[in-house]
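Dropping the structure in here first, questions after.
Readers should treat all values here as calculations from the given coordinates under stated rules, not as data from a laboratory. Keep in mind that this is a model prediction, so the values were computed, not measured. Heads up, the Cβs are rebuilt from the backbone with ideal geometry, glycines too, and the neighbour counts pull from every protein chain shown.
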């Protein structure tokens, strides 16, 4: 896929459309090639009147594809059209933006290219502020329950672990994994306990959907 993407830009360059490149640092600040973490190639499509781009991790070879999309403006960026990326689960997400607003996921596939039920990012769903509040309360409750379980080794007091998980339509938790942990045994105990909990179901356009979350587990005494 990486080769096809790069060849696409070369082909359009040959046809007379200029390929432009922007280099970004780790905070997506525009930087020099020598300091770049991400690389974005883009062209202006005179037919659709949109800027079409593809992004890659620049410091790895061959470059790892991150995402692609369509913009009606570069500065400021205004999203309009189809976007594709891989989420933290490794699944391919294709969604639509309309007038700089997220519209919906139109295709969701696993690494084997099999169609799956979409898993939405938390920023896509209804009532984001309420969701943030619920996640904060859930994180605090889970961390306290873990501390009060009597199963925590004292060396993990004041530790911070980040966990990724999916909240299903009924609030059940699945696909939990450690993003940044402490020790394997402690990490496993967090996952084993987390999947027994339930989170308030989330909605998109009023319908219950699966949602992907990342959450800190902070053990403070």
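Taking every Cα atom in the range 67-185, find the radius of gyration and the maximum pairwise distance Dmax, and write them in Å.
Expressed in Å, the Cα Rg and Dmax of the range 67-185 come to 18.2, 56.
Counting each pair of different Cα atoms once, what's the Kirkwood radius of the range 85-133 in Å, rounded to one decimal?
Details: mean 1/r = 0.0845 Å⁻¹.
Roughly 11.8 Å, rounded to one decimal.
How high is the relative contact order of the chain, given as a whole-number percent (alpha carbon pairs under 8 Å, six or more residues apart)? Display every interim value, and only then the final one.
Working: 404 pairs, mean separation 27.1, N = 221.
About 12 percent, as a whole number.
Which percent, to the nearest 5, of DSSP beta bridges fully inside the chain are antiparallel?
Working: 57 of 60 bridges.
Restricted to the chain, the bridges split so that about 95 percent are antiparallel.
Cα gyration tensor of the range 111-161, axes a ≥ b ≥ c as square roots of the eigenvalues: rounded (a/c below 1.5), prolate (a/b > b/c) or oblate?
Verdict is oblate for the range 111-161.
Taking the chain on its own, what percent of its Cα-Cα pair distances exceed 33 Å?
Counting every Cα pair in the chain, those more than 33 Å apart make up 30 percent.
So, in nm, how far is label residue 26 from label residue 45 when the simple model puts each one 7 Å beyond its Cα toward the Cβ?
Here the modelled spin labels are 3.4 nm apart.
What's the angle, to the nearest 10 degrees (0 to 90), between helix 128-148's Cα axis and the longest principal axis of the chain?
Approximately 40 degrees, to the nearest ten.
Measure out, as a whole number of angstrom, how far apart the alpha-carbon centroids of the range 78-114 and the range 134-179 sit.
Between the Cα centres of the range 78-114 and the range 134-179 lies a distance of 28 Å.
What percent antiparallel are the DSSP beta bridges of the range 95-210, to the nearest 5?
Around 95 percent antiparallel, to the nearest 5.
Multiply the residue separation of residue 77 and residue 175 by 0.36 nm, subtract the distance between their alpha-carbon atoms, and state the gained length in nm to one decimal.
The residue 77-residue 175 span can extend by a further 32.0 nm.
Same structure again: Roughly how many nanometres apart are two label points built 7 Å out from the Cα toward the Cβ at residue 155 and residue 191?
That separation, rounded to one decimal, is 2.1 nm.
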